[in-house]
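The values are calculated or read from the model by the stated rules, or taken from the named source; none is laboratory data. As the structure is a computational prediction, the values presented were derived from the model and not from experiment. Because the Cβ atoms are built from the backbone with ideal geometry, glycine has one as well, and the counts that use them run over all protein chains shown.
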Amino acid sequence: MTLTVAFFYLFAVLLVASAAMVIIAKNPVHAVLFLILTFFNAAGLFILLGAEFLAMLLVIVYVGAVAVLFLFVVMMLDVDFAELKAGFIKNAPVGLLVGGIVLAELVALFVGRGLDVGLGHKLAAAVPADVANTKALGQLIYTKYAYLFQGSGLILLVAMIGAIVLTHRGARPGVKRQSVAAQVARNPKTAMSVEKVPSGGYTIPEKKAAPALAQPKAEAAE
Amino acid sequence: MQQALNLATLTPLYPEIVIALGAMALLMAGAFRPAGAVSLKARDGEIIGWAAILVLAVALYFVAAGPSWKVSLFEGAFINDGFARFMKVLILTGAAASLMLSFDYLKEHVPELFEYPVLLLLAVVGMMMMVSAGDLIALYLAIELQSLALYVMAAIRRDDVKSSEAGLKYFVLGALSSGMLLYGASLIYGFTGSTSLAVIAQVAQSSGAATNIGLIVGLVFLMVGIAFKISAVPFHMWTPDVYEGAPTPVTAFFAAVPKLAAMALLVRVLATGFPGAAGGIKWQQIVVFLSLASMFLGAFAAIGQTNIKRLMAYSSIANIGFALVGLASQNEQGVQGVLIYLAIYMAMTLGTFAAILAMRRGGAPVEDINELAGLSQTNPSMAFILLLLFFSLAGIPPLAGFFAKYYVFLAAVKAGLWPLAVLGVIASVVGAFYYLNIVKIIYFDEAKPAFAHVDRNVFLVMAACGLFVILFIAAPSPLVDAALAAAKSLKP
């Protein structure tokens, strides 16, 4: 038990510290790397909670895909961070005001009633002890949450359509495209040509000229 | 509580399923249409559009044929009751009409895009999920589904700076409002222990709930998120810019349909999630404030506008204020009033935007209200329809707009909200000024050159809305009774 608690504090402190570094870090690449560290620590917390599926998902999806994508964007795009910073300072008072109000609200929530939320009825245990985490999630997603699951699917479909509608410009001339049908329809006759390579020669013969012996260009040039 | 999922239990979901499948089928049809044609032939887009209207009609059939009693699926995430069915009928009708408005415009400006009807269908699925949402997760997913489709639709003319700007602005502010909504939803979940509106209602009526700061802050943030979507003052900033920048048929759709869905969502969340004036959280004062601010800002800010799309944006803000009067009265007549108001508002808005679409001269749309000068001489029929619509918007009897306002104010008076009703009437009189000003321009100003020939579909929608506005008094009972039944079905 104490070991669990010790690990909880280890992960939690690292998580908060690296999350703070994401914002503080001057170099955007460092910020993204700290973000990855944050994800790893959050995954650790999930494992302590017994939610191993979510932990793996976090590592695979967020670290493996999203964070790497961030890294790509940060490195590929030429974002002028000095200019962004200038805007930041200009708008800082408004941000501080709004942030301060939200913080005050949160503080008021807990000062008013301590950490006991009071109203809520007792929540059931997240997962029955004898069902594996992943299995329990699967059972819920495809029964109780099937409707919401399909709804999320539709949202992703809209996102795909939207990205294509707003950016795809149709077929441009001069772009080489893959044609699966043409590839499948190829046969050795159209795909390959057998060329006789002159033995002992030292140049590649031109396409039409295929005499048995080399007719070296080098000589012609000389 | 585990019920087997089969097609028979999903009957109430058929409309959503039909539209989602229809959208995907049309997407496939558009993507795999006969190869070789790099740009769409002008007719292809219209064919897909008519097919989308057919899909909407089939869904309408399933709404009408579906169960009329209250059905709750997926442990309360999806609720099909009289209220949801009433709103779904409105949404489907409005979507079909605004699709009809778009054909001519899209053919001219973005002929290579066939995705517009598909996006519209998916937005309609989102809106139907919104009016049926009985759970905070379902509510959020539904809002995101419709909003995401709307952002893309606003920017559909991607080569046009204004359209892109409208889409981006809408997207950024919409994302902000979603953030607030999620923050509120998470607080509500934290303090009640459930995302289901039914459970939240139980907890919200228990002792101590009315003074629980966490629950109140959560509800306020949730309401702010939804107020963005209905563009109630002070969360209306995006409306004039987006309405002006977006292509006109898209603006017509924005003004007429998604607002209805968001308004219905607000009604359902407040009436079923946080019910009752007694013992519950006092959300009435928030709604009263939103209502008053919207009515007055909408009325006064519209006076200075010369662009008719911006003017209609402020008009829609004011109209949402009037609809909120009904919600503020917290009773059955209030909800009935909201529903009647929304139905009539939809007809008036679609009709007016059809007329705006018809304002074309020399192959380009004109949007200044002075361009309407002397329309009564160049196109008397259109001028007369506009006269009806603007008189109705101003609330002049015996047109439909008068009854819309009558029912919400009546509910407010019954609930003892005299001051709100009186102030509402004053705001309505102020608003009448700019509507009547347009009528004056149409009938008494010196004639400008005639507009280009009006597209048949556009004229059809315009005429249907005009007829509805003038004939409503002849047979008001179907709408009024249906709205009453729908309002009653919200009671648990």
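Given B:Val425, B:Val430, B:Val408, which one is crowded, with 22+ Cβ neighbours inside 10 Å and touching a residue at least 12 places away in the same chain (Cβ under 8 Å)?
B:Val408
Okay, residues lined up against (1) surrounded by 15 or more Cβ atoms within 10 Å (Cβ to Cβ); (2) closer than 15 Å to A:Leu14 by Cα; (3) in contact (Cβ under 8 Å) with a residue 60 or more places away in the chain; (4) touching an Asp or Glu at 6+ places or on another chain (Cβ under 7 Å):
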position: A:Thr38; (1), (2), (3), (4): yes, yes, no, no
position: A:Ala43; (1), (2), (3), (4): yes, yes, no, no
position: A:Ala51; (1), (2), (3), (4): yes, no, yes, no
position: A:Met56; (1), (2), (3), (4): yes, no, no, no
position: A:Val59; (1), (2), (3), (4): yes, no, no, no
position: A:Val63; (1), (2), (3), (4): yes, no, no, no
position: A:Leu69; (1), (2), (3), (4): no, no, no, no
position: A:Phe72; (1), (2), (3), (4): no, no, no, no
position: A:Met75; (1), (2), (3), (4): no, no, no, no
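Restricting attention to the range B:439-461, does a residue exist that is assigned to a helix (DSSP H, G or I) and in contact with a Gly (Cβ under 6 Å, 6 or more places away or on another chain)?
No, the conditions are met nowhere in the range B:439-461.
Sort through B:Ala51, B:Ala77, B:Ala84 and tell me the only one that's under 19 Å from B:Ala261 (Cβ atoms), hydrophobic (A, V, I, L, M, F, W, C) and more than 13 Å from chain A (Cβ to nearest Cβ).
B:Ala84
Can you name the number of the only condition in (1) at pLDDT 90 or above; (2) buried (at least 22 other Cβ atoms within 10 Å of the Cβ); (3) farther than 29 Å from B:Met462 by Cα; (4) of a type outside the set (D, E, K, R) that B:Met87 fails?
(3)
Could you pull out the residue among B:Ser392, B:Ser316, B:Ser329, B:Ser294 that is buried (at least 24 other Cβ atoms within 10 Å of the Cβ) and at pLDDT below 90?
B:Ser329
Being of a type outside the set (A, V, I, L, M, F, W, C), over 20 Å from B:Ala255 (Cβ atoms) and within 14 Å of chain A (Cβ to nearest Cβ) is true for just one of B:Gly126, B:Gly134. Which residue is that?
B:Gly134 is the lone residue from the list that is of a type outside the set (A, V, I, L, M, F, W, C), over 20 Å from B:Ala255 (Cβ atoms) and within 14 Å of chain A (Cβ to nearest Cβ).
List the residue pairs whose Cβ atoms are under 9 Å apart, where the first residue sits in the range B:164-176 and is among the β-branched types (Val, Ile, Thr), the second is in a helix (DSSP H, G or I) and surrounded by 17 or more Cβ atoms within 10 Å (Cβ to Cβ), and the two are 6 or more positions apart or on different chains.
So the pair list comes out as B:Val172/B:Trp238.
Of all helices (runs of 4 or more DSSP H) completely enclosed by the range B:249-357, which ones contain at least 1 residues that are under 15 Å from the mean Cα position of the chain (by Cα) and over 18 Å from B:Pro419 (Cα atoms)?
B:258-268, B:308-328, B:332-357
Taking the conditions exactly as written (more than 9 Å from chain A (Cβ to nearest Cβ) and not charged (D, E, K, R)), does B:Ser98 satisfy them or not?
So B:Ser98 fits the description; yes.
With the checklist (1) modelled with pLDDT under 70; (2) within 25 Å of the chain's Cα centre (by Cα); (3) loosely packed, with under 11 Cβ neighbours inside 10 Å; (4) not β-branched (Val, Ile, Thr) in hand, flag the one item A:Ala171 doesn't pass.
Unmet condition: (2).
From the list B:Phe103, B:Phe114, which residue is at pLDDT below 95, more than 13 Å from chain A (Cβ to nearest Cβ) and in contact with a helix residue (DSSP H, G or I) (Cβ under 9 Å, 6 or more places away or on another chain)?
B:Phe103
Would you say B:Ser68 is touching a Lys or Arg at 6+ places or on another chain (Cβ under 9 Å), of a type in the set (Ser, Thr, Tyr), closer than 26 Å to B:Val335 by Cβ and surrounded by fewer than 24 Cβ atoms within 10 Å (Cβ to Cβ)?
Judged against the criteria, B:Ser68 is a match.
Residues that are within 11 Å of another protein chain (Cβ to nearest Cβ), out of contact with any Ser or Thr (no Cβ under 7 Å at 6 or more places or on another chain), touching a residue at least 12 places away in the same chain (Cβ under 8 Å) and crowded, with 17+ Cβ neighbours inside 10 Å: does the range B:222-240 have at least one?
Checking the range B:222-240: not a single residue is within 11 Å of another protein chain (Cβ to nearest Cβ), out of contact with any Ser or Thr (no Cβ under 7 Å at 6 or more places or on another chain), touching a residue at least 12 places away in the same chain (Cβ under 8 Å) and crowded, with 17+ Cβ neighbours inside 10 Å.
Assess whether B:Ser206 counts as being without any contact (Cβ under 8 Å) to a residue 12 or more places away in the chain and in contact with a helix residue (DSSP H, G or I) (Cβ under 7 Å, 6 or more places away or on another chain).
Taking the combined requirement at face value, the residue does not satisfy it.
Could you tell me which of the residues B:Asp455, B:Asp481 is without any contact (Cβ under 8 Å) to a residue 12 or more places away in the chain, more than 18 Å from B:Asn319 (Cα to Cα) and among the charged types (D, E, K, R)?
Within the list B:Asp455, B:Asp481, the selection yields B:Asp481.
Cβ contacts < 6 Å: first residue acidic (Asp, Glu), restricted to the range B:436-451; second residue surrounded by 14 or more Cβ atoms within 10 Å (Cβ to Cβ), any location; separation 6+ or different chain. Result?
Listed by first residue and then by second, the contacts come to B:Asp445/B:Ala373; B:Asp445/B:Gly374; B:Glu446/B:Gly374.
Out of all the residues in the range A:162-198, which are part of a helix (DSSP H, G or I) and within 14 Å of another protein chain (Cβ to nearest Cβ)?
Those that are part of a helix (DSSP H, G or I) and within 14 Å of another protein chain (Cβ to nearest Cβ): A:Gly162, A:Ala163, A:Ile164, A:Val165, A:Leu166, A:Thr167, A:Val180, A:Ala181, A:Ala182.
Specify the residue that is modelled with the highest pLDDT; the eligible residues are those in the range B:204-219 that are within 11 Å of A:Glu105 (Cα to Cα) and at the interface with chain A (Cβ under 8 Å from one of its Cβ atoms).
If we take residues in the range B:204-219 being within 11 Å of A:Glu105 (Cα to Cα) and at the interface with chain A (Cβ under 8 Å from one of its Cβ atoms), then B:Val217 is modelled with the highest pLDDT.
Out of curiosity, is B:Ala133 at pLDDT 95 or above and under 19 Å from the mean Cα position of the chain (by Cα)?
Criteria not met by B:Ala133.
If you check B:Lys282, B:Lys259, which single one turns out to be over 25 Å from A:Glu105 (Cβ atoms) and away from chain A (no Cβ under 14 Å)?
B:Lys259
Does A:Val32 satisfy the condition of being over 30 Å from A:Ala136 (Cα atoms) and touching a Leu at 6+ places or on another chain (Cβ under 7 Å)?
Judged against the criteria, A:Val32 is a match.
Given the structure, is B:Leu148 at pLDDT 90 or above, within 18 Å of the chain's Cα centre (by Cα) and facing another protein chain (nearest Cβ under 7 Å)?
yes
Restrict the check to the range B:39-48 and report whether at least one residue is buried (at least 17 other Cβ atoms within 10 Å of the Cβ), in a loop (DSSP other than H, G, I, E, B) and either within 14 Å of another protein chain (Cβ to nearest Cβ) or at pLDDT below 85 (or both).
yes
Only residues that are aromatic (Phe, Trp, Tyr), closer than 15 Å to B:Glu16 by Cα and in a loop (DSSP other than H, G, I, E, B): list them for the range B:49-90, please.
If the condition is that a residue be aromatic (Phe, Trp, Tyr), closer than 15 Å to B:Glu16 by Cα and in a loop (DSSP other than H, G, I, E, B), then B:Phe74 is the only one that fits.
If I ask for residues that are among the charged types (D, E, K, R) and under 17 Å from B:Ser316 (Cβ atoms), which ones from the range B:327-368 would you list?
B:Glu367 - this is the single residue of the range B:327-368 that is among the charged types (D, E, K, R) and under 17 Å from B:Ser316 (Cβ atoms).
Given (1) more than 15 Å from the chain's Cα centre (by Cα); (2) over 17 Å from B:Leu26 (Cβ atoms); (3) more than 8 Å from every other protein chain (Cβ to nearest Cβ), identify the lone condition not met by B:Arg158.
Result: B:Arg158 fails condition (3) only.
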